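The numbers here are math on the coordinates, done by the rules we state, and not lab data. Computed from a prediction, not measured in an experiment: that's the story for all the values here. Cβ sites come from the backbone with ideal geometry, for glycine too, and all protein chains shown count toward neighbours.
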There are 4 protein chains.
Amino acid sequence: MKLAIIGLGKMGGNMARRLLKNGIEVVGFDFNQDAVNQISQTNGMIPASSVADAVSKLSGEPKKIVWIMLPSGEITENQIKDLVPLLDKGDIIIDGGNSNYKHSQRRGAWLAEQGIDFIDCGTSGGVWGLENGYCLMYGGTKEAADTIEPIAKALTHEDRGWAHVGPIGSGHFTKMIHNGIEYGMMQAFAEGLDLLKGKEEFNLDLAQITELWRHGSVVRSWLLDLTAEALAHDQELSSIAPYVADSGEGRWTVVEAVDQGVAAPVLTVALQARFRSQDSKGYSYKLLSLMRNAFGGHAVKTK
Amino acid sequence: MKLAIIGLGKMGGNMARRLLKNGIEVVGFDFNQDAVNQISQTNGMIPASSVADAVSKLSGEPKKIVWIMLPSGEITENQIKDLVPLLDKGDIIIDGGNSNYKHSQRRGAWLAEQGIDFIDCGTSGGVWGLENGYCLMYGGTKEAADTIEPIAKALTHEDRGWAHVGPIGSGHFTKMIHNGIEYGMMQAFAEGLDLLKGKEEFNLDLAQITELWRHGSVVRSWLLDLTAEALAHDQELSSIAPYVADSGEGRWTVVEAVDQGVAAPVLTVALQARFRSQDSKGYSYKLLSLMRNAFGGHAVKTK
Amino acid sequence: MKLAIIGLGKMGGNMARRLLKNGIEVVGFDFNQDAVNQISQTNGMIPASSVADAVSKLSGEPKKIVWIMLPSGEITENQIKDLVPLLDKGDIIIDGGNSNYKHSQRRGAWLAEQGIDFIDCGTSGGVWGLENGYCLMYGGTKEAADTIEPIAKALTHEDRGWAHVGPIGSGHFTKMIHNGIEYGMMQAFAEGLDLLKGKEEFNLDLAQITELWRHGSVVRSWLLDLTAEALAHDQELSSIAPYVADSGEGRWTVVEAVDQGVAAPVLTVALQARFRSQDSKGYSYKLLSLMRNAFGGHAVKTK
Amino acid sequence: MKLAIIGLGKMGGNMARRLLKNGIEVVGFDFNQDAVNQISQTNGMIPASSVADAVSKLSGEPKKIVWIMLPSGEITENQIKDLVPLLDKGDIIIDGGNSNYKHSQRRGAWLAEQGIDFIDCGTSGGVWGLENGYCLMYGGTKEAADTIEPIAKALTHEDRGWAHVGPIGSGHFTKMIHNGIEYGMMQAFAEGLDLLKGKEEFNLDLAQITELWRHGSVVRSWLLDLTAEALAHDQELSSIAPYVADSGEGRWTVVEAVDQGVAAPVLTVALQARFRSQDSKGYSYKLLSLMRNAFGGHAVKTK
C-alpha cells in the first residue's frame, strides 16, 4: 500500500511516521523541505520536491491516493483544485484536515464530476496520535472507503478507532460534533477546577484531586489524565495568559445547532467562554455599567 | 399621616422628599446628620437625633410606623432588633430595602411574636423615583397593608405602581424577581449593542439607533430611554472600566430557580456575565489553554 | 408622493393604510385580491391587478418607488428579480421585510449593476404600527434615503422612530439585532414570571404584579404593557400550548455572534429556549437518562 | 481492621462486599434485613439487628469506626445524632453519602464538641465500584484520615483513587464539584449526539460513532465507554421517557458558583436542561407565545 501525504506539519508529519512504522509506503511533500528531509531520513519516507512530483511517485499504483493534511479553508480548497489535473479517473483524494463539512460536500460533488473519488476524514488524537493511534471518522463512497481501509488500520490503535460513517461530508460532520463535545467537556472541567481553586478556606490541591479522580470516578477521561499530569507540574498557572483560542469546528457546531433548531446550550456557552477570554475591550460590560449608573446612580468604575 | 424614616441615603432621602411634597409628615434619622439637616431645612422634614428620638416623635399616632431604608443584611437585621423595645404592640416596621425574602419571612415571624406588624416592601425606581414616583410591591397582613396605603399612594405616580402582593416575604420576593428580570433585560441590550458596535463595516451610530428604537419598536422601554440618553453623550465609553457590580437580588434569583427546579438560563447567564467582568484572574481560561496545549500541542499565550 | 406596495398582509396592509391616512398615494398589489379591494375601498388605495400594473401606475413619478413587504427568502428574492425589467434606472426598490442582511447586501450590489437603487428597511411595530407608528431603520445610499424620507415620516410617530443608519445591509442588520434583543427581553420576562408563578406559597397574582411594574419600575417597557394586559384576561394560560415559534432573525443574530466571535449568551439561550419548546422528541434527555442508568444504576423513567 | 456500615443499599452493600473481599471485617446493618442476610451469607459480613447492635459488635476495637451510607438530608442527620450516645470519645463517624458540605461542616463541628471524629467522604463509582474500585475524596483531621486509610485502600483500585483532601467539609465539597463536572460532561455528550441524530441526511449510526471515539479521540472517557455500550443495544431509545432526574450536588454546585461569584455557565445550563426535562407545564413557553401574539399578532398554538 502506498499513498502521498501533502502537508507534514504537527499532524501530517506524525501520521506519515505512524504509517511508515506500520508498513505503508509514504511519499511526502511539504513546502517546508526540512520536514520532508527529516522524515525521509529518519523514517524512510519517499521525499517529493513538489505536489506533482509526489503524485508522479505514485504511478503504477492501481489507484493513486493523496492524503492532504493542510489548514482548512482556502489552502485546502486550492490544493484540491491543483491536484485534479495530476490525477486520473478513479484516484482518491482524502482531506484529513478540519474542513467544514459543507465545503467537503461541495468539493466531493465537484470531484465526482471530474471522476475523482473524495474522502472527508475527521482526524482526532492530537500530538498523541503517533504513539496512541489516531481516531478516524470518514465519509465517502463504499468503494473509496474500502480502498483506504489498510491506511486507516495502520493509523489507528489495534485496528480500532476508525470507521466509514456515511456519505461524503459525514466524516467532517462527525468530527465537528466531536470537537463541539470536546469544548463542552473542557469547559466543564475548567469551571469545576475554578470552583475548587476558589474555595480558599479548604486550600485544595488540584493536582491531588485531578489525579485522584482518574481512578474510579465518573469523570475519568483522557482530558482528565492530561490535566492531572499538567497540574502536577504547576497549578498556579501564573505564566499563562487568560486567553483561549478557538477554531472553526466549535463555531460550526453552534451554527449547526441553529440550523437544526436544536438547543445545545453547553456547547454554545463553552464556545462563548472562549470568546469572552479573547475580548480585551469589554464593551458589553461598559454598557451595563453605564446603565446601572443611569437608572440607579450606581458608581461607574473608571479606568 | 406621619411616619419615621431611618436611613436617608440615595433612596431614603428622596423618598422622604416625595412624601413631604405629597403631604405626609416625615420624621427622619440618619447617622449622617448632614442628610438629616439638609432635608429638614429644604423640605420640612422633622429631624431626629437618634432612632429613639425618631420613634418618640411619632408618639400620639394611632400606630407608629417606622420605615427603614438601610443596606440589607446585618445592618437591617440589627436595626429591626433595636427598634422592638421602642415600639408598642400594633406598631408597624416597614423594610423598604433589598432584603432577602427568606430573612423577611423570618423577621416577620419573630416580630409577630413581639406583637409588631411587619411589611416587606420592594422598592424600585432608583434615582428617578423622586420625580417619577416609585414602584412599590409589599407583603404583610391585610391590616398593616391597609394602614400604610396613604404612604404608598404618596410615593407612587398618580396612585398607581403600588400593590399589596401577598403575605410577609412576598414583597421582597417580587422585587427580587423584578431585579432578576432587570439583569436579563440589561444583558440583552448590552449584547445587542455590542454586536452593533462590532459590525465595523457598517460604522453604526449607537446613539442614533437606540434613540430610533424608542419610537414604535418592540424593545422600547425605560432602560432603552436611559441608554439612548447616555449614548448620546458618549458611545465610545473609553473612560469606563469593563467591570459590572452585582447585588444580592440577582444572585438570589438564580438560587431561587435552583430551589424551585426551574430553568432560568437568561437570568443566570446575565448574572454570570457580571461575574466574568469581575474576574481579574481568569483561572478557568488558563486551564483551558493548558488543556489545549496538553492534547493538541497548541501554543499557550503567555503573559 | 406616491409609491407602490407589493404585499398587503398583516404588515403591508396596515402600512398602506397609515401612508394613505398621512397623505401619501399608494398603489397596492397582493395575490389576495380581497386585501387589495378592501384597502382600496376603505382607505382610497389605488388598486393594481398585477405587479406590472402596479409599476405602470407609478409612471410619471420622478422616481418609481416600490416597497415590497413579503416573506423573506425565495419569495422576496424572486419578486426583486421580477421587478427589474419593469423599472428604469434610478428607480428604488425597498425591501421592508425581515430579510437576512447578507442577502440584502448581495441584492443591493446586483441591483446597483442594473442601475436600480435599493433600500433595506427593518420595520418594527407589529400589529400596533398602524395606530402607534412603525419603527424604521434603513440602509442605502444617501440619495435614495433622502428620496424616501417623506414615506418614512408618514409611517412613523410624530416624525421620530426612523433613521437612515448606514449603507445597504445595515437596515436589516440593525433590525436583526433589534429582534435578538427582543428575544432576550421576552425570555427574561418569561423566566421571571415563571418563578413568580412557581412560588406557590405566596399565591401571587401575576396580572396585579405586571400591572404594578408598569409604573415606576426599572423593567417598565412596551412588552410589559402588553403582557400585563394579556394576563389581566387570563393568567393560567391553560389553553395555550407550550410551544414558541422562532423566525430567522433570532437565529441569524446567534450566527452573527459566532461570526464576530462575540459572546451573546442571553440572546443565544433565549433562542434555544424556543428550540426546546419545539422539541417533541427529547432525544438528548433520553440520552442523559440512559447515561445515569449506565453508571449509577438510576432508574430510567419509561413512557 | 473492622468497621460498621449503616445502610446496605446499592452503594453501601457493594462497598461492604468489596471491603470483605479485601480482608476488612464488616458489621452491617440496614432496615432491610434481607440485604443484611444476603451479604452476611454470601460474603461473610457480621450481621447486626440494629444500629446499637452494630456498634456493640465493634467493642474491643481501638477506635470504633461507623460508616454511614444513607440518603442525604434528614435521614443522615438523624442517624448521626442517634449514633453519638453509642460511641466513645475518639471514635469515628464517616458519612460516605452525598451530603451538602456545609451540613458536613456543621456536623463535624458539633461532633468534635462531643469528642467524636468525623470524616466526610465523597464516594464516586456508582454500581461499578464493586468491581472497579471506588473513588474516595475525604475531609477530616489528619489523625482520623490516617486511621481510615486501610479502609480507603480496600475500597479503591490498586491503592489509588483515594485522598485526604483537606479539613472537614472538603470531601463532600470536592465530590459536589465532581458531580457538577459530571453534569457538564453528560450534557456535552447528550447535545453532541442529539445533533448527530438530527442530521438525518447522513443517517449516522450513533453506536458506531461512540464506539469509534473510544479509541484515540480527545473525548474518550468512561462516560463514553458506557454510552457506547448502551447505544450498541438500542439507539432509538423509544421506550425511555424524556425525563432526567437531578440530585442535590448538581444544584449545590450552581449555588456555590453564585456564592463565590464565579461564572460556571456550562455547569448551570447542564442542570437547567434537566429542569426543562422535568417541566411538564411549560408556563414560560406559554408566556412567550402569549407575548408574540400580543405584539405581533402571531398565532398561538393551542392545546
Kirkwood hydrodynamic radius (C-alpha pairs) into Stokes-Einstein, chain D, 37 °C and 0.692 mPa s, D in µm²/s: 151
R0 of 41 Å, Cβ-Cβ distance B:Ser49-D:Asp82: FRET efficiency to nearest 0.05: 0.15
Projected label distance in nm at D:Asn32 and C:Trp110, using a 7 Å step from Cα toward the beta-carbon: 6.9
0 to 90° range, to nearest 10: angle between helix B:170-198 axis and chain B longest Cα axis: 30
With Cα atoms, 0 to 90° folded angle of helix C:33-43 axis to chain C main axis: 70
Other-copy label distances relative to B:Glu229, 7 angstrom Cα-Cβ extension, nm: 2.5, 6.0, 6.5
For the C-to-D rotation axis, chain C residue with nearest beta carbon and its distance in angstrom: C:Arg276, 3
Per-residue average of Cβ from other chains inside 10 Å of B:118-131: 3
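Take every residue in peptide D:199-208, count the Cβ atoms of other chains within 10 Å of its Cβ, and give the average of those counts.
If you average over the peptide's residues, the count of other-chain Cβ atoms is 5.
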Taking D:Asp246, C:Asp88, A:Asp120 and counting other C-beta atoms within 10 Å, the order from fewest to most: C:Asp88, D:Asp246, A:Asp120
B:Asn203-D:Lys301 FRET efficiency (beta carbon distance; Förster radius 45 Å; 0.05 resolution): 0.65
Cα gyration tensor shape of segment C:1-138, rounded if a/c is under 1.5, else prolate or oblate by comparing a/b with b/c: oblate
Nm distances between copies for B:Glu77, ranked from closest, using label points 7 Å along Cα→Cβ: 1.9, 6.4, 6.4
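For segment C:175-296, what class follows from the C-alpha gyration tensor (a ≥ b ≥ c being the square roots of its eigenvalues): rounded when a/c is under 1.5, otherwise prolate if a/b is larger than b/c, else oblate?
Oblate is the answer for segment C:175-296, as a/c is 1.5 or above yet b/c matches or exceeds a/b.
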Footprinting exposure proxy for A:Ile94, B:Ile24, D:Ile240 (fewest neighbouring C-beta atoms within 10 Å first): B:Ile24, D:Ile240, A:Ile94
Among A:Leu155, A:Thr174, A:Ala145 the positive-end extreme of the charge dipole of chain A (Cβ point charges): A:Thr174
Table column - 3J(HN,Hα) (Hz), segment D:131-138, Karplus curve with 6.51, -1.76, 1.60, x for Gly and Pro: 7, 8, x, 8, 10, 10, 10, 9
Virtual spin-label span in nm between D:Thr42 and B:Glu149, 7 Å along Cα→Cβ: 7.1
Within straight-line cross-link reach of A:Lys81, aspartates and glutamates at Cα separation under 19 Å, skipping those fewer than 8 residues along the same chain: A:Asp30, A:Asp53, A:Asp91, A:Asp95, A:Glu113, A:Asp117, A:Asp120
Crossing angle, helix B:10-21 versus chain B [Cα axis fit, 0-90 degrees, rounded to tens]: 50
Size of electric dipole in segment B:175-296: Cβ of Lys, Arg +1 and of Asp, Glu -1, about Cα centre, debye, nearest 20: 500
Pseudo-label separations to other copies for C:Ser247 - Cα-to-Cβ vector, 7 Å, nm: 3.7, 3.9, 4.7
All lysines inside 29 Å of D:Lys21 as judged from Cα atoms, apart from same-chain residues fewer than 8 positions distant: D:Lys2, D:Lys10, D:Lys57, D:Lys63, D:Lys64, D:Lys142, D:Lys153, D:Lys175
Chain lengthening between B:Asp259 and B:Ser56 when straightened (0.36 nm per residue, less Cα-Cα): 68.8 nm
Dipole magnitude (debye, nearest 20) for chain C, charges at Cβ of Lys, Arg, Asp, Glu: 680
Gyration tensor verdict on the protein assembly as shown (Cα atoms; rounded if a/c is under 1.5, prolate if a/b is larger than b/c, oblate otherwise): oblate
